[in-house]
Ligand code: F6P
């Protein structure tokens, strides 16, 4: 089971704090100049991944002290508890076994149910892709609509987009928000006779999803389609799904031991199997599984998720950098930052520790991002010359899916940005301000801005699986070391309940019991609502 120690009370935290005072003004440029082989110490080469973390404000001592901290907090014990299925989601009395979903070597206790579900996903997706599972009017399906939100949307949507080059003829759409204007636009493009709807909801009670599912159900009924053929579900809540009109054989299970934001490896990922075929879905799982092995076995100083988590803690808790950014140099990873935000911020946005005390240190780094090069033309100016320091994760691929010289230009930008962040516009840069340039002062920049670089051979189902598992485990390690519970989300659940009661008040046109600001806004909403 997990230790419940306050990390800021450990000896190693104290050592890190003292070490921070030595390091806070150290220039990375100097560290590189002093040690021409710095890269040798601060990178990890693993399978088709190179993770370069040399461009960080660290030296040998930093890494040693960070690893000491992980050891003092008994991180190995925590990792063991995760993989052994101990009830580490203590507040909900659940195990956390998303790793069992990709455990092809069958070491997990719950493997039988998982194997059976994977088999059902394979059979079903094969049939739909081959046109053997047919619609009411005996036609093959052409369009898939995934109706779900949060973890029942972000992961599958991101993967389907990321693996766009592996996609088959099926057109997959994702509906999450309760925004009828957007749904209406989609409905106009869809043919009800050949549309298959997947209602993905672990609880089958999430308002947005159920409202949208009802909308699609009514649309199908209005077009005389058999709902039991056109709607399938993924849920733990069999009863509600059946009551909705979905046949039992078309309900794919979810389990309490899989959190929504970690669920794309389960039947929640059925839209992935449908879009790219089961074999590629399986490769995604295999990629994640190989990262699980690395995470379990590798020593902490060479363990990719552990090193990334420790660096993030170094910046968050000692330097006071509040956000970090992820910049994939691949359009196909456009949805990656949004997916990552749920994984990390829904997990580690907590202020009570595992011993029920308010934390007296920062948790939950703010994660955001956008693809490169687009982001360079949007917010990179602030990275280079702003007053805030934002550590960056650059993610790039050595080979594109479709060979083109353009890729070299994309990647030239990828390499240039981390180099510029490191060196600034002095040192390695030949261009010196002209004496008569009155604006010279505005043109220099200091550099010394940290980044990690992921250089990956190619964006494939397997490498994507590895990448996602890295960030899942990084999130786990951070939550564990911050002594918080990463696997509940009571804050979001409260918001869901509050919205329900406000909706009732809007319907009854009776606003009651709010603060004066909310009352004012609701009254004006009702006053000007033309319905
Ligand atoms: O956003 C809150 C949340 O509870 C997430 O954790 C979950 O992924 C999402 O809602 C959707 O929940 P469900 O799959 O039960 O509809």
Checklist outcome for this item: Once residue 323 and residue 361 are pulled to full extension, the length gained, defined as 0.36 nm per residue separation minus their Cα-Cα distance, is 12.2 nm
Next on the checklist: Quick check: Cα centre of the range 146-190 to Cα centre of the range 455-531, how many Å?
Outcome noted: 19 Å
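In which sequence would 409, 186, 285 go, from the one with the fewest C-beta neighbours within 10 Å to the one with the most?
The most exposed by this proxy come first: 409, 186, 285.
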Next on the checklist: I'd like the orientation of helix 490-508 relative to the chain: the angle between its Cα long axis and the longest Cα principal axis, in ° from 0 to 90, rounded to 10.
Outcome noted: 50 degrees
Checklist entry - Based on the Cβ-Cβ distance from residue 249 to residue 507, what FRET efficiency comes out when R0 is 25 Å, to the nearest 0.05? => result 0.10
Checklist outcome for this item: Rounded to one decimal in nm, the spacing of the 7 Å Cα→Cβ label points at residue 106 and residue 48 is 2.8 nm
Checklist entry - Cα axis of helix 180-189 to longest principal axis of the chain: angle in degrees, 0 to 90, nearest 10? => result 70 degrees
Checklist entry - Where the centroid of each part is defined by its Cα atoms, how far is the range 1-72 from the range 193-212 in Å? => result 45 Å
Checklist outcome for this item: Taking Cα atoms only, helix 111-130 is inclined relative to the longest principal axis of the chain by an angle, in degrees rounded to 10, of 70 degrees
Checklist outcome for this item: Contact order relative to length for the range 123-196, counting C-alpha pairs under 8 Å separated by 6 or more residues, stands in percent at 41 percent
Checklist entry - Over the range 47-115, what is the relative contact order in whole percent, taking alpha-carbon pairs under 8 Å and six or more residues apart? => result 15 percent
Next on the checklist: Let's test the formula: R0 of 35 Å, r as the Cβ-Cβ distance of residue 518 and residue 87. What FRET efficiency results, to the nearest 0.05?
Outcome noted: 0.35
Checklist entry - residue 436 to residue 132: extension gain in nm, 0.36 nm per residue of separation minus the Cα-Cα distance? => result 101.9 nm
Checklist entry - Over the range 351-399, what lengths in whole Å, largest first, do the semi-axes of the equivalent ellipsoid take, defined as the square roots of 5 times the eigenvalues of the alpha-carbon gyration tensor? => result 32, 16, 8
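For n ≥ 4 DSSP H runs only, could you compute -39500 (n - 2.57) per run for the chain, divide by its residues and tell me the 222 nm figure to the nearest 500?
-13500 deg cm²/dmol
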Checklist outcome for this item: If each part is reduced to its alpha-carbon centroid, the range 243-266 and the range 338-359 end up apart, in Å, by 24 Å
Checklist entry - Relative to the present Cα-Cα distance, how much length would full extension add between residue 490 and residue 184 at 0.36 nm per residue of separation? => result 106.9 nm
Checklist entry - Going by how many other beta carbons lie within 10 Å of each one, how would you line up 143, 393, fewest first? => result 143, 393
Checklist entry - Per 20 Å bin, what is the whole-percent P(r) computed from every C-alpha pair distance within the chain? => result 20, 50, 27, 3
Checklist entry - When only C-alpha pairs under 8 Å and at least 6 residues apart count, what is the relative contact order of the chain, in percent? => result 19 percent
Checklist outcome for this item: Expected sort for 278, 25 with the fewest Cβ neighbours (10 Å cutoff) up front is 25, 278
Checklist entry - Hey, can you rank 34-47, 58-71 by average C-beta count inside 10 Å, highest first? => result 58-71, 34-47
Next on the checklist: If I model a spin label at residue 11 and residue 211 as a point 7 Å from the Cα along the Cα→Cβ vector, what separation in nanometres do I get?
Outcome noted: 5.6 nm
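Computed from the coordinates by the stated procedures, all read-outs in this text should not be read as laboratory data. Quick caveat, the model's predicted, so the values are computed rather than measured. So basically every Cβ, Gly included, is an ideal-geometry build from the backbone, and we count neighbours across all protein chains shown.
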